[in-house]
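The values are calculated or read from the model by the stated rules, or taken from the named source; none is laboratory data. As the structure is a prediction and not an experimental result, all values here were calculated from the model. Note: ideal-geometry Cβ built from the backbone for every residue, glycine included; neighbour counts use all protein chains shown. The protein model used for the area step is the full one, side chains on, heavy atoms only, and it has no ligands, DNA or RNA in it. Shrake-Rupley method; radii C 1.70, N 1.55, O 1.52, S 1.80 Å.
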Amino acid sequence: QDNRRLMIAWADNWLYRDKEPTSLFKGQFSTVRELKLVKDESKICIIQEPVKEMQRLRTDRSMISDRELLPNDGLELEVHSEAFELCCELKLEDDKGQVQIVFYSDDESWVKLIYDEDEKHLNFVRLSQSGYKIPEFDGIFRAPLKLKDHLLKLHIIADVSQVEIFADDGKVIM
């Protein structure tokens with residue numbers, strides 16, 4: 001017995017769940033997470049991190065060494081799988097500008113993760129690009145996030161039907 005506090009949630013959005021064009025199911029479970037109490041500056045907060053046992057599911061691994069990306073530079077990562085995990089640390093040079101990560105399924109299907117240093121927000125952008133039209137499905141979902149030392153830490157878990165984002169060592173979850 002390790003005394004961890006674990007949580008699994010029902011990953012669904014009640015704004016549009018009854019409008020989804022599915023017949024066998026509506027929603028799914030989230031990634032199993034460990035909950036921890038941590039002291040952050042002057043307050044105590046709950047963080048969530050994927051359980052360590054998920055590491056056993058990793059099969060192929062790609063590593064990208066440190067590199068500098070200048071404004072308007074891009075780095076393309078090809079993932080040939082319906083599910084993936086991305087762990088990254090992105091160091092911003094100053095307190096201005098944005099970092100964008102775009103996940104493409106094809107030319108018409110994508111989602112964006114944008115960190116805006118000016119606004120101190122992490123934004124998840126999902127807008128309809130194809131025939132899948134449910135107005136409540138589209139949106140820009142925002143979470144406040146103030147970086148420490150201009151370092152954006154992300155742990156992203158994605159599969160065919162959901163993207164889970166753990167930022168700043170589990171302090172911000174989307």
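Could you list, in sequence order, the residues of segment 58-102 that are assigned to a strand (DSSP E or B), more than 22 Å from Gly170 (Cβ to Cβ) and open to solvent by 100 Å² or more (accessible area, probe 1.4 Å)?
Listed by number, the list holds a single entry, Gln98.
Looking at the structure I just gave you, is Glu78 in contact with a helix residue (DSSP H, G or I) (Cβ under 8 Å, 6 or more places away or on another chain) and modelled with pLDDT under 75?
For Glu78, the condition - in contact with a helix residue (DSSP H, G or I) (Cβ under 8 Å, 6 or more places away or on another chain) and modelled with pLDDT under 75 - is not met.
Would you point out the residue of segment 16-57, among those that are at pLDDT 75 or above, more than 20 Å from the chain's Cα centre (by Cα) and assigned to a loop (DSSP other than H, G, I, E, B), that is nearest to Lys148 (Cα to Cα)?
Glu41
Which residue pairs have Cβ atoms closer than 9 Å, lie 6 or more positions apart in sequence or on different chains, and pair a first residue in segment 147-174 that is assigned to a strand (DSSP E or B) with a second residue that is polar (S, T, N, Q)?
Ile157/Thr31; Glu164/Ser30; Glu164/Thr31; Phe166/Thr31; Phe166/Gln48; Ile173/Gln48
Could you say whether any residue in segment 118-136 is within 23 Å of Glu34 (Cα to Cα), at pLDDT below 85, open to solvent by 60 Å² or more (accessible area, probe 1.4 Å) and of a type outside the set (A, V, I, L, M)?
Looking for residues that are within 23 Å of Glu34 (Cα to Cα), at pLDDT below 85, open to solvent by 60 Å² or more (accessible area, probe 1.4 Å) and of a type outside the set (A, V, I, L, M), one finds none in segment 118-136, hence no.
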